[in-house]
Amino acid sequence: MNSDTDSKPDTLALTYAAWLTRLWLAVRAIQTGVEKFAGKVSSEQVVNIDGAPNDYDLTASSAEKAYSLSNYHGVPAALYEKFAGEPLIPGFFLKFYDMILGPALLILGFAILLGIASRTALFLLGALYVSLTWGLILLGEPGNAGVAWLAAHMILIVFALQLSRHNKLCLLKKW
């Protein structure tokens, strides 16, 4: 074994690790932001019997997932009501947070994916996850599974920040 090569870090592996971490965090943020625009579209259709509409007014209901601006909820409705009752969250702040959460996830996700000021974008995504963690703590989530889940995201963000010097293909690399 050559001691010179053993002491040098494998820069290609570190670059790949930076890219994979960046990709995972970006995809996670982007898809979470997109899901804020998801909703259900329901429809009813007449049931056919032997290929013809039935005479009994039988219908079948179906619901499909659809995305639109009208479906947007940054904070899901059930959680919004719980947060509205929290004395530590002012009403104006909850309305603002509900409005910006989806777009913030999309903007940060695309910034990380494209390498636009990725260190700053990673930091801001981490701050956003801290705010989500705070909300889950306020709700007293049983078992704290969501808090642990967000902690795993924070570990990935810290790892990505540690790998930032190996993060090639970045715009505004200084930031």
Selection count, the range 23-49, where residues are among the β-branched types (Val, Ile, Thr) and in contact (Cβ under 8 Å) with a residue 40 or more places away in the chain: 4
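Using the structure shown, decide if ALA117 is in contact (Cβ under 8 Å) with a residue 12 or more places away in the chain and either in the same structural domain as TYR16 (by TED's automatic domain parsing) or closer than 30 Å to ALA13 by Cβ (or both).
It is true that ALA117 is in contact (Cβ under 8 Å) with a residue 12 or more places away in the chain and either in the same structural domain as TYR16 (by TED's automatic domain parsing) or closer than 30 Å to ALA13 by Cβ (or both).
May I ask you to list the residues in the range 124-155 that are touching a residue at least 24 places away in the same chain (Cβ under 8 Å) and over 12 Å from LEU25 (Cα atoms)?
Residues satisfying the conditions are LEU128, VAL130, SER131, GLY135, LEU138, LEU139.
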Subset of the range 72-128 (residues that are more than 20 Å from PHE159 (Cβ to Cβ) and touching a strand residue (DSSP E or B) at 6+ places or on another chain (Cβ under 8 Å)): PHE110
Conditions (1) exposed (fewer than 11 other Cβ atoms within 10 Å of the Cβ); (2) under 16 Å from the mean Cα position of the chain (by Cα); number of the one not met by ILE107: (1)
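The values are calculated or read from the model by the stated rules, or taken from the named source; none is laboratory data. All figures in this text were calculated on a predicted structure; none of them were measured in a lab. When we count neighbours, we look across all protein chains shown, and the Cβ atoms used for this are built from the backbone with ideal geometry, even at glycine.
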